[in-house]
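Trainee: The structure's right below; bear with me while I get my questions together.
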Amino acid sequence: MKSFVEYSSNSDFSIHNIPFGVAVFNKEYIGCCTRIGDQVIDLASLFDLSYFENIEGLDDNVFEAYTLNEFIELGKPVTNAVRARIQELLQEGSILSKDQKTIEDAFYDLDKVRMIMPIHIPNYTDFYSSIEHATNVGKMFRDPANALLPNWKHLPVGYHGRASSIVISGTDINRPKGQMKPADADKPIFGPSKQLDFELEMAFVINKNTDMGESVSTKEAEDAIFGMVIFNDWSARDIQSWEYVPLGPFLGKNFGSSISPWVVTLEALAPFRTASPKQDPEVLDYLKFEGDKNYDINLEVYLQPENGEENLISESNYKFMYWNMTQQLAHHTVNGCNLEVGDMYASGTISGSDPKSFGSMLELTWRGQNPIQLNNGQERKFIEDNDTVTMKAWAEKDGVRVGFGEVSGKIIPTL
């Protein structure tokens, strides 16, 4: 496929992608959109101009909504048909390519729009599905010889997080404050976190509602997953390490998480499927799956100090995940937990075996013992005030590139 819209060969947003988001156009109205290159396309306008005619199930202009929820709830027969129609319209020689007025009215330069939260997220779950990350944390905080807890290789460990504090890329995050217990203290202290961290993650978005008592199998899971975003699960390690026993993460996590603005569909990622790591011991039947359920997605993390340059501090890949999305969703619902449209499920920190691929400052600096050296001469054990963390993600194969853009967030002082 070749588009009439020009874009660079290394653009995340090729005609093979067609992601979905929500934008503020002309600083005055909100609508659902897609992107190709650096052009953002107002889908509500295309609907009004009959460019989505004859797509069965797309009866109303759901693109006028302030989130993608109404659109993705229509299900994959509709959303896939819309994506295919957009690809058709963007090709050279298409009807749209010759409609100069619509191009002028519905196409916007990227710097002329403001991206906002694409999804209303009713529920959020964070998994813990990278074996390298879990092993590293176990070595640091528990017994290095028995880093993984007994259940880890038998089920996708996760916890229910806070949906209300998930924010769009570009939103500043206040340094959290709370209780901490320094190693040399006999009682806890209160104050701003001194060990603020990022966590390199991806997250998937649910497109359907289910009833309580209903389960989603690994075979059915992909039909319930609309697409993915980059996810930065900000973490206050010192608050977390004091509070997490016995019930797990709480204030160390719920102060903020950041997502990229574009939701990339599973269909766009299909060419980049890859096998998951071998699971040993054999999992229970409800967690078994067939085919390639993981994705070869390149990941990068940059740290930029105030008035400084970006520093590439991590290069990882989503394919390292031990537990895949279909297993995560099957486990989440096997007890009858119901799904809601817009639910977001994060992968947990993504780390590889190479220290350069570790997905958190906790691991990159080994709990502060080995500070990162920045190119301005400074060093970092954890994230400092006015540091900006940016994550990028893309897949590329046989000349086809599909990416997510980036998620960026700046840490500002405690309120």
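The values are calculated or read from the model by the stated rules, or taken from the named source; none is laboratory data. Nothing here was measured: the structure is a model prediction, and the numbers come from that model. Cβ placement follows ideal geometry from the backbone for every residue including glycine, while neighbour counts extend to all protein chains displayed. Remember, those area values only see protein heavy atoms, side chains included, never the ligands or the DNA or RNA. Shrake-Rupley method; radii C 1.70, N 1.55, O 1.52, S 1.80 Å.
Trainee: Given contacts defined as C-alpha pairs under 8 Å and at least six residues apart, what's the relative contact order of segment 177-269, whole-number percent? Walk me through the numbers before you get to the answer.
Mentor: Values: 147 pairs, mean separation 28.0, N = 93.
Reported relative contact order: 30 percent.
Trainee: So what's the net charge close to TYR108: Lys and Arg +1, Asp and Glu -1, counting the other residues with Cβ under 13 Å from its Cβ?
Mentor: Counting the neighbours of TYR108, the net charge comes to -3.
Trainee: How far is helix 131-141 tilted, in degrees, relative to the longest principal axis of the Cα atoms in the chain, given as a value from 0 to 90 rounded to the nearest 10?
Mentor: 30
Trainee: Might you tell me the accessible area per residue for the chain, computed with a 1.4 Å probe and given in Å²?
Mentor: 44
Trainee: Any chance you could run the full-extension gain for LYS187 through LYS397? It's 0.36 nm times the residue separation minus the Cα-Cα distance, nm to one decimal.
Mentor: 70.2 nm
Trainee: Calculate the FRET efficiency for GLN179 and LYS101 from the Cβ-Cβ distance with a Förster distance of 45 Å, rounded to the nearest 0.05.
Mentor: Numbers: r = 60 Å, r/R0 = 1.34.
Result of the calculation: an efficiency of 0.15.
Trainee: A further question on this structure: Hey, any idea what % of the chain's accessible area is carbon plus sulfur with a 1.4 Å probe? Let's see the in-between values first.
Mentor: Numbers: 8740 of 18250 Å².
Roughly 48 percent of what the probe reaches on the chain is carbon or sulfur.
Trainee: If you don't mind, there's one more thing I want to ask. For labels at ASP292 and GLU56 in the simple 7 Å Cα→Cβ model, what's the distance in nm?
Mentor: Those two pseudo-labels are separated by 3.1 nm.
Trainee: Among MET1, MET202, what's the order by accessible area (1.4 angstrom probe), most exposed first?
Mentor: Descending accessible area places them as MET1, MET202.
Trainee: So if R0 is 22 Å, what FRET efficiency would LEU415 and SER164 give, r being the distance between their Cβ atoms, rounded to the nearest 0.05?
Mentor: 0.85
Trainee: Taking Cα pairs under 8 Å and at least six residues apart, what relative contact order does segment 230-336 come out at, in percent?
Mentor: Numbers: 125 pairs, mean separation 22.8, N = 107.
Once normalised by length, the contact order is 21 percent.
Trainee: May I ask you to give the average projected area over all directions of the convex hull of the Cα atoms of the chain, in nm² rounded to one decimal?
Mentor: Values: hull surface 85.0 nm².
Across all orientations, the chain yields a mean hull projection of 21.3 nm².
Trainee: Does anyone have the angle between helix 76-90 and the longest principal axis of the chain? Alpha-carbon axes, 0 to 90°, nearest 10?
Mentor: 60
Trainee: Please list the equivalent ellipsoid semi-axes of segment 122-220, computed as the square roots of five times the alpha-carbon gyration tensor eigenvalues, in descending order and whole angstrom. Before the final figure, lay out the partial values.
Mentor: Numbers: eigenvalues 179, 104, 34 Å².
Equivalent ellipsoid semi-axes, largest first: 30, 23, 13 Å.
Trainee: Accessible area of ARG114, 1.4 Å probe, to the nearest 10 Å²?
Mentor: In the full protein context, ARG114 sits at about 140 Å².
Trainee: Evaluate Rg over Rh across segment 256-384, taking Cα atoms for both radii and Kirkwood's formula for Rh.
Mentor: 1.03
Trainee: On a 1.4 Å probe surface of the protein chains, which of MET325, MET212 comes out largest in accessible area, and what is the full order?
Mentor: Of MET325, MET212, the descending order of accessible area is MET212, MET325.
Trainee: Largest first and in whole Å, what are the equivalent-ellipsoid semi-axes of segment 56-105 based on the Cα gyration tensor, each being the root of 5 times an eigenvalue?
Mentor: Gyration-tensor ellipsoid for segment 56-105: 23, 14, 8 Å.
Trainee: To continue, here is another question. Counting only pairs 8 or more residues apart or on different chains, how many lysine pairs in segment 76-199 have their Cα atoms under 30 Å apart?
Mentor: The number of close lysine pairs in segment 76-199 is 11.
Trainee: Remind me, what semi-axes does segment 1-77 give for its equivalent ellipsoid, largest first in whole Å, using sqrt of 5 times each Cα gyration tensor eigenvalue?
Mentor: Three semi-axes, in Å: 22, 16, 12.
Trainee: Between ILE116 and GLN378, what is the label-point separation in nm under the 7 Å Cα-to-beta-carbon projection?
Mentor: Result: 3.3 nm between the two label points.
Trainee: While we're on this one: Of HIS331, HIS133, which has the most accessible area with a 1.4 Å probe, and how do the rest follow in descending order?
Mentor: Result of the area sort, largest leading: HIS331, HIS133.
Trainee: Now a separate question. Residue separation times 0.36 nm, minus the C-alpha to C-alpha distance between GLU214 and ILE30: what's the value?
Mentor: This chain segment gains 62.7 nm when fully extended.
Trainee: Using a 1.4 Å probe on the protein heavy atoms only, what accessible surface does ARG175 show? Give it in Å² to the nearest 10.
Mentor: 20
Trainee: With the contact rule set at Cα under 8 Å and sequence spacing of 6 or more, what percent relative contact order holds for segment 305-415?
Mentor: With pairs under 8 Å counted, the relative contact order is 22 percent.
Trainee: In 10 Å bins starting at zero, report the fraction of Cα pairs in segment 68-182 per bin as a rounded %.
Mentor: Each 10 Å bin holds this share of Cα pairs: 9, 20, 27, 20, 15, 7, 2.
Trainee: I would also like to ask the following. Given R₀ = 45 Å, FRET efficiency for SER9-VAL334 by Cβ-Cβ distance, to 0.05?
Mentor: Efficiency, rounded to the nearest 0.05: 0.55.
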